[in-house]
Amino acid sequence: MRIIQICPYDLNRPGGVRSHIFGLSQSLVEAGHEVIIIGPDSSVFKGSDTKKSSTNAIERDREASKELIQSDIVNDHDILKTDHHPINTGDNSFGGKLKFIKIGYRRSAIPLWGTQIDFSVANSREKSSMLDFFQDWNPDVAHFHTPWTPFLSMQIYRLLKKLKNAGNRPPRFIATFHDSPPDTWFGSVLGNFVMPLAAKFMLPKFDEVISVSEFQSQFISKWSSKKVHIIPNGIRLDEGGERVSWEPSKTILFLGRLEARKGLIHLLQAYKILKTRIPEVNLIVAGEGPQRREGELFSQLHQLEVDFRGMVSEEEKNRLLLSAGVFVSPALFGESFGIVLVEAMAKGVPVAGYGNPGYLSVVAGVCEENFPSPGDVAALANVIDKVLTNPDYAQELSKKGLIHAQTFDWDLISKRILKLY
């Protein structure tokens, strides 16, 4: 089959949805299918200011898009030519080659509820080029991820619907919903009214609808009769090696975007408590984001000597996981699933964090006792303490996590998705 995966978020920025799309696409390619990923990419227009929406910035984007279509090389990736349509190929974190159509990253990034909401849009030249490509390539499936993120997904949807009028058969339309609202009064309005209402009108556009968890599905199925398939995120179990045997470690590892909802400051507060109990404990924070400076200042103020690594490669991430004594993800809200927890368990690392509904759905039956109520810093410190100071308990968690992670193998998950294609 010829399959298009549509990503609404910056392809150049790590994140759970991007990881899902890359992992699924790689698994589909290995199964013999042709896959192209379409999404915005902040690396396409070098030298343009993607944070501004002024007339000058728009004009720069127009000129850059002309270069994109006419160029032989984009972003140091080779281009496979299909007539005049650029398809970029590049190395990815899953050890293979994936194909991309990268859209200029003209967007607005709005900070809401402790995270960043992106609005991306394709210009008229890019839309025309994509439509020509769709007519030539004639895809069998168009798989949209979080399709209500403005505006790129619906632009592509409308382009693909035109294929029927152009003499081509339209593809099957699939949607996967990954997002959940924050645990606030406004989040309650979103989850109980806005998201169900939007889903009522949007879900009929798709042949099949997927949610990554039971928790997430409630926000899209409330007022819709459309069947929603629960298919979780996947991981590649053969990625980056595995822990040969359990070795006690006093290293706490945090991996993720450094923004308010991910709970970095809460972890630093818990770490401050732990330093008085376990002097040899250390904390590594890998990732970037708007809260990094605040975290560094907190660490300096309290003389915590936290190791801030910034962005790390997949290889470095795997090394950090294999050497950690516990992986901690104290996300306060907005987690529909929690792929980072599965990745850690697949490496034999005990996991802990805050018990938001998405995380609890992942660790149920394994270690939900390690996930206290969001915001309870003292309880979080106690959980980490127990893991780091009780080797037998840590080893038990390691074994249970390794077994549990097997159920999220992309080889298994992708087959379930293929049945819907």
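The values are calculated or read from the model by the stated rules, or taken from the named source; none is laboratory data. Note that this is a predicted model, so its numbers are computed, not measured. Backbone-built Cβ (ideal geometry, glycine too); neighbour counts: all protein chains shown.
Quick check on my filter: what residues within the range 169-201 are of a type in the set (A, V, I, L, M) and crowded, with 22+ Cβ neighbours inside 10 Å?
Hits for the range 169-201 are Ile174, Ala175, Met195, Ala199.
For the range 343-365, check the following and say yes or no: at least one residue is more than 27 Å from Pro279 (Cα to Cα), among the β-branched types (Val, Ile, Thr) and surrounded by fewer than 20 Cβ atoms within 10 Å (Cβ to Cβ). Looking through the range 343-365, none of the residues is more than 27 Å from Pro279 (Cα to Cα), among the β-branched types (Val, Ile, Thr) and surrounded by fewer than 20 Cβ atoms within 10 Å (Cβ to Cβ). Screening Glu396 against (1) free of Cβ contacts under 8 Å to residues at least 12 places away in the same chain; (2) of a type in the set (Asp, Glu); (3) more than 27 Å from Lys272 (Cα to Cα) leaves a single unmet condition, (3). Of the residues making up the range 231-255, those that are modelled with pLDDT of 90 or more and either out of contact with any Asp or Glu (no Cβ under 6 Å at 6 or more places or on another chain) or in a loop (DSSP other than H, G, I, E, B) (or both) number 12. Residues that are small (Gly, Ala, Ser) and touching a strand residue (DSSP E or B) at 6+ places or on another chain (Cβ under 9 Å) were ranked within the range 351-406; the one that is farthest from His178 (Cα to Cα) is Ala394.
Yes/no per residue for (1) hydroxyl-bearing (Ser, Thr, Tyr); (2) closer than 24 Å to Glu214 by Cβ; (3) at pLDDT below 95:
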| position | (1), (2), (3) |
| --- | --- |
| His266 | no, no, no |
| Tyr271 | yes, no, no |
| Gly295 | no, no, no |
| Phe298 | no, no, no |
| Leu321 | no, no, no |
| Phe327 | no, yes, no |
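The residues listed here are Pro139, Pro170; of these, the one that is under 17 Å from Lys127 (Cβ atoms), without any contact (Cβ under 8 Å) to a residue 24 or more places away in the chain and outside any helix (DSSP H, G or I) is Pro170. One residue stands out among those in the range 363-378 that are over 19 Å from Ala260 (Cα atoms) and in a helix (DSSP H, G or I): the one that is nearest to the chain's Cα centre (by Cα), which is Val363.
A single member of Ile403, Ile384 is assigned by TED's automatic domain parsing to the domain that holds Asn282, exposed (fewer than 15 other Cβ atoms within 10 Å of the Cβ) and among the β-branched types (Val, Ile, Thr), and it is Ile403. Of all residues in the range 151-161, those satisfying the criterion of being surrounded by 16 or more Cβ atoms within 10 Å (Cβ to Cβ) and either touching a strand residue (DSSP E or B) at 6+ places or on another chain (Cβ under 6 Å) or without any contact (Cβ under 8 Å) to a residue 24 or more places away in the chain (or both) are Leu152, Ser153, Met154, Ile156, Leu160. Of the set (1) without any contact (Cβ under 8 Å) to a residue 60 or more places away in the chain; (2) closer than 30 Å to Glu369 by Cβ, all apply to Val328 but (1).
When restricted to residues that are among the hydroxyl-bearing types (Ser, Thr, Tyr) and within 9 Å of the chain's Cα centre (by Cα), the range 10-31 contains 1. Name the residue that is nearest to Pro248 (Cα to Cα), counting only residues in the range 272-320 that are assigned to a loop (DSSP other than H, G, I, E, B) and of a type in the set (Val, Ile, Thr). Only one residue tops the list, namely Val281. Does Ser180 satisfy the criteria of being assigned to a loop (DSSP other than H, G, I, E, B) and within 29 Å of Lys262 (Cβ to Cβ)? Taking the combined requirement at face value, the residue satisfies it. Residues of the range 181-216 that are among the small types (Gly, Ala, Ser) and in contact (Cβ under 8 Å) with a residue 24 or more places away in the chain: Gly187, Gly191, Ala198, Ala199, Ser211, Ser213.
Among the residues of the range 325-340, the one identified as touching a strand residue (DSSP E or B) at 6+ places or on another chain (Cβ under 8 Å) and aromatic (Phe, Trp, Tyr) is Phe327. Residue check: Ser373 meets all listed conditions (1) in the same structural domain as Met345 (by TED's automatic domain parsing); (2) surrounded by 19 or more Cβ atoms within 10 Å (Cβ to Cβ); (3) closer than 22 Å to Pro357 by Cβ but one, namely (2). The residues of the range 395-421 that are in a helix (DSSP H, G or I), over 13 Å from Glu30 (Cβ atoms) and more than 20 Å from the chain's Cα centre (by Cα), listed by number, are Gln395, Glu396, Leu397, Ser398, Lys399, Lys400, Gly401, Leu402, Ile403, His404, Lys419, Leu420.
Write out, first by first residue and then by second, each pair whose Cβ atoms fall under 8 Å of each other, whose residues are 6+ apart or on separate chains, and whose first residue, in the range 106-134, is under 27 Å from Pro171 (Cα atoms) and of a type in the set (Ser, Thr, Tyr) while the second is part of a helix (DSSP H, G or I) and at pLDDT 90 or above. Listed by first residue and then by second, the contacts come to Ser120/Leu152.
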